[in-house]
Amino acid sequence: MSSASLASVTNQKLDTARRLIQQGKTSDEAWLNAGLESSAVFQLRSALNGLLKEVSSSYSLSSSLDVNTLLAETTNKQIVVPVLAELADLLLRSESWFYQLNQAYLVQFECRSAPSSVVQSDAIIGRGSDAGASVSFYLAKLVELVLRFREESSEY
């Protein structure tokens with residue numbers, strides 16, 4: 001698959017997540033909002049996987065969707081991929097958007113109860129009862145990361 005079509009798939013996932021979030025903002029039905037938020041989380045994690053495929057293609061890495069596996073490959077090849085280093089760092093920090101997105105995805109994937117609503121700082125977002133604000137935050141941060149990766153890639 002070419003980089004353009006990989007980018008297109010990632011863009012589609014981001015757009016779908018955005019639309020699901022928007023639809024949730026206009027609905028007064030709690031059951032529907034919960035379903036839309038879960039669907040948006042899935043689409044965001046899928047978009048992240050799309051970004052990892054873009055990175056893998058750009059740097060001739062394996063097709064792994066694991067950040068740490070890809071980062072280890074870059075170390076072995078003696079190349080630096082800033083987006084992978086950033087994601088690996090974010091994954092280690094429980095207050096980061098990427099860690100929290102990953103946890104939100106696992107809650108849905110494993111069919112577990114979500115942690116209670118928590119707000120830890122202004123750099124962190126609440127979870128659960130904040131009507132999708134966290135999912136909107138994940139979307140904004142992921143879009144920012146994707147755009148930054150593409151901009152850096154186009155410079156070379």
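The values are calculated or read from the model by the stated rules, or taken from the named source; none is laboratory data. Just so you know, these numbers come straight off a predicted model, no measurement behind them. Cβ placement follows ideal geometry from the backbone for every residue including glycine, while neighbour counts extend to all protein chains displayed. When the accessible area is computed, the model is the full protein with side chains, heavy atoms only, and any ligands, DNA or RNA have been set aside. Shrake-Rupley method; radii C 1.70, N 1.55, O 1.52, S 1.80 Å.
Listed values, structure above:
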{"read-out": "Odd one out for V80 among (1) surrounded by 12 or more Cβ atoms within 10 Å (Cβ to Cβ); (2) aliphatic (A, V, I, L, M); (3) part of a loop (DSSP other than H, G, I, E, B)", "value": "(1)"}
{"read-out": "Matching option when the condition is assigned to a helix (DSSP H, G or I), out of contact with any Phe, Trp or Tyr (no Cβ under 6 Å at 6 or more places or on another chain), open to solvent by less than 30 Å² (accessible area, probe 1.4 Å) and more than 25 Å from L106 (Cβ to Cβ), among A47, A7", "value": "A7"}
{"read-out": "Pair list, Cβ under 6 Å, 6 or more apart: segment 17-37 residue open to solvent by less than 60 Å² (accessible area, probe 1.4 Å), other residue assigned to a loop (DSSP other than H, G, I, E, B)", "value": "I21/G132; G24/G132; N33/S27; E37/G132"}
{"read-out": "Unmet requirement for S62, which otherwise passes all of (1) open to solvent by 40 Å² or more (accessible area, probe 1.4 Å); (2) hydroxyl-bearing (S, T, Y); (3) out of contact with any Asp or Glu (no Cβ under 7 Å at 6 or more places or on another chain); (4) modelled with pLDDT of 95 or more", "value": "(3)"}
{"read-out": "Qualifying residue in segment 66-78 (condition: closer than 17 Å to E151 by Cα and modelled with pLDDT of 95 or more)", "value": "no"}
